[in-house]
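Here's the structure, in structure tokens; my notes come after.
The values are calculated or read from the model by the stated rules, or taken from the named source; none is laboratory data. This structure is a prediction, so every number in the text was calculated from the model and none was measured. For neighbour counting, all protein chains shown are included, and Cβ atoms are generated from backbone atoms with ideal geometry for every residue, glycine included. Accessible surface is based on the protein model in full, side chains and every heavy atom, while ligands, DNA and RNA are left aside. Shrake-Rupley method; radii C 1.70, N 1.55, O 1.52, S 1.80 Å.
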Amino acid sequence: MADVILQVEKLSTGYGEVQILWEVSIQAKRGQLTTIIGSNGSGKTTLLRAITGIIPAWSGRIIFNGEDITNVPAYKRADMGLIMVPEGRMLFPEMTVYENLEMGAYNKRARQKIKESLEFVLHLFPRLKERLNQKAGTMSGGEQQMVALGRGLMGCPELLILDEPSLGLAPKLVLDVFDVVKKLREEGITMLLVEQNVHLSLMLTDWAYVMAEGRVVMEGSGEELEKSDEVRKAYLGI
Amino acid sequence: MDAWVSAILSGVLLGLAYGLAAIGLNLIWGVMKVINLSHGAFIALGMFAAYFVFHSFGISPFVSVILILALGVVVGMLAYFVALHRVISAPELSTLLSTYSLSLIIIGLGTFVFTTNPRAIDVGLGSIKLFGAYIPASKVLTGLYSLIFTAALYVFLFKTWTGKAIRAVSMNMTAAQFMGVNTTFILSLSFGIGIALAMVAGALIASVFPFTILSGGIYELKSFVICVLGGLGSPLGALAGGLLLGLLENVLTLKMPVGYVPFIEFLILVVILLVKPSGLLGKE
């Protein structure tokens, strides 16, 4: 029985007066890939923002690695191993690829292991090796996504959160991204994936949640959900 | 001939100091997206800090400048929490007003305490002969120190974890937060360093020219012209802009009355804003 690394309990939050999330509960288990699917505006991104601490929770609790982090500031969550690979990559464009990776290891835990992490990342993305001194902003979208994933891995994640990693990429590159996710899963890296590419995510995932209108409406193993009529109708267009 | 050599050397040496003040303004803009209208007030504070340390303890500005740097960082960080922290994510008008009121408070209190009588620091180091021209040693040291502080800032920004965090925050604050950067601390530190550079530039310039509590305004305007010349957000551009402005100011005065200099400077400002608004070395 794998233990729970992230437990979100009845989380409600929103922006200003507008409530977006309504008592959302999810959990992610160590060593597993957990996926959240849902259409645009279903609250996935808001949920990740609350988990990473960019926006405060209105009610409910977020427990990470046995600690209640509901009121812990965002930057300290990175120190605890909660690492985010944000949607749209959010690289530091004027920094070199190497500096971007280095910034990934900014948190206290990661700094000591920076050499091993770099080796791991360059082994995973050999193409970055020749690009280390290139400015990140001058790379193509696919390459930037590799840097973003690499930067996340440099942080020695206890839980790696991937927010729409395949968004805006060409079909071939989408497959590359899922290939990486698969490899990381085999390496035993715990991941929480938010994706619009429902079919590919459900094929890989250990457990998945379906969100709609700020609530979790369904959960199950990837296989179960892929067979479910509702998911097929709503997200797979079959 | 000697007049030309002397004008060019003075231009370069003073230009480096103007550049240093402008880099402070530039850093604050680059990291915080705040136009610091209190820059001149802090330049003047730096002048007075150097003046009082010199007249009370006989310590030369070229020694006390290290103290003033440290003082500047502390004062700037405090000023951040008093005047900027609560409005940092508000529209730009709020931070403009906020730094402007900071400037009014400093200059108002400064006028009350120090009056507007001109002061000067006579370091008494004499002159140095360079390429056949006699240049006051304080001017040479001012240029040299400005260059050292600029280089030190570069090393700090590119070689230390904290410096890299400052650059990361300037490029993408949310992403920096995801990396574990304490952005509130970095914002206050950036303001502290920007203010410290203004005060250091003030202390150095005070060893060359006489000044009053109102003198900061002139140098603040120079900083703005320099940032426009070099492009906001480009520290190297600020240094280049500083050199250009220093040279113009000193070489032009050989051929025309000093009173025309501000006119020329602002003519340049307007022309650049019209022709290449991102600055001579700026991007896009």
Residue-averaged beta-carbon neighbours from other chains (10 angstrom radius) around A:99-106 | 5
Contact order relative to length for chain A, counting C-alpha pairs under 8 Å separated by 6 or more residues, stands in percent at 27 percent
State the percentage of accessible surface on region B:1-113 attributable to carbon and sulfur atoms; use a 1.4 Å probe and exclude ligands, DNA and RNA.
-> 78 percent
When only C-alpha pairs under 8 Å and at least 6 residues apart count, what is the relative contact order of chain B, in percent?
-> 40 percent
Using the heavy atoms of the protein chains and a 1.4 angstrom probe, tell me the accessible area per residue for region B:2-275 in square angstrom.
-> 41 Å²
Based on DSSP, what percent of beta bridges with both residues in the protein assembly as shown are antiparallel, to the nearest 5?
-> 60 percent
Among B:157, B:269, B:13: highest mean-square fluctuation, GNM of chain B, C-alpha pairs under 10 Å = B:157
Using alpha-carbon coordinates, inclination of helix A:171-186 to the longest axis of chain A, degrees = 90 degrees
So what's the gap between the Cα centers of region A:49-125 and region B:189-225, to the nearest angstrom?
-> 39 Å
Heavy atoms only, probe 1.4 angstrom, no DNA, RNA or ligands counted: give me A:206, A:229 ranked by accessible area, highest first.
-> A:229, A:206
Note to self: with every protein chain in place and a 1.4 Å probe, chain A gives an accessible area per residue in Å² of 45 Å²
Pairwise burial B:A, computed as accessible area of each alone minus the pair, summed, 1.4 Å, Å² | 2100 Å²
Relative contact order of region A:110-166: what whole-number percent is it, with Cα pairs under 8 angstrom and at least 6 residues apart?
-> 44 percent
In region A:66-82, which residues give up 40 Å² or more of accessible area once the other protein chains are added, compared with their chain alone (1.4 Å probe)?
-> A:75
For region B:78-231, with +1 on Lys and Arg beta carbons and -1 on Asp and Glu, the positive-most of B:144, B:174, B:198 along the dipole | B:144
Quick one: with all protein chains in place, what share of the accessible area of chain A is carbon or sulfur, to the nearest percent (1.4 Å probe)?
-> 50 percent
Expected max-MSF residue from A:107, A:40, A:65 in the GNM of chain A (alpha carbon, under 10 Å) is A:40
Accessible area of residue A:178 in the full protein assembly, 1.4 Å probe (Å², nearest 10) = 10 Å²
Of B:207, B:6, B:56, which has the most accessible area with a 1.4 Å probe, and how do the rest follow in descending order?
-> B:56, B:6, B:207
Shielding by partners - mean other protein chain Cβ count within 10 Å, residues of B:178-190 = 6
Note the full-extension length gain between residue B:155 and residue B:86 as 0.36 nm times their separation in residues minus their Cα-Cα distance, in nm to one decimal.
-> 21.8 nm
Shielding by partners, peptide B:53-62 (average Cβ within 10 angstrom, other chains) | 0
With springs only between Cα atoms under 10 Å apart, run a GNM on chain B and tell me which of B:51, B:260, B:80 wobbles the most.
-> B:260
Label region B:112-164 by shape, choosing from rounded, prolate and oblate, from the square roots a ≥ b ≥ c of the eigenvalues of the Cα gyration tensor; if a/c is under 1.5 it is rounded, and otherwise prolate applies when a/b is larger than b/c, oblate when it is not.
-> oblate
Set A:172/A:233; A:182/A:233; A:76/A:115; A:10/A:113; B:33/B:164, cut-off 29 Å on Cα-Cα distance; pairs above it are A:10/A:113
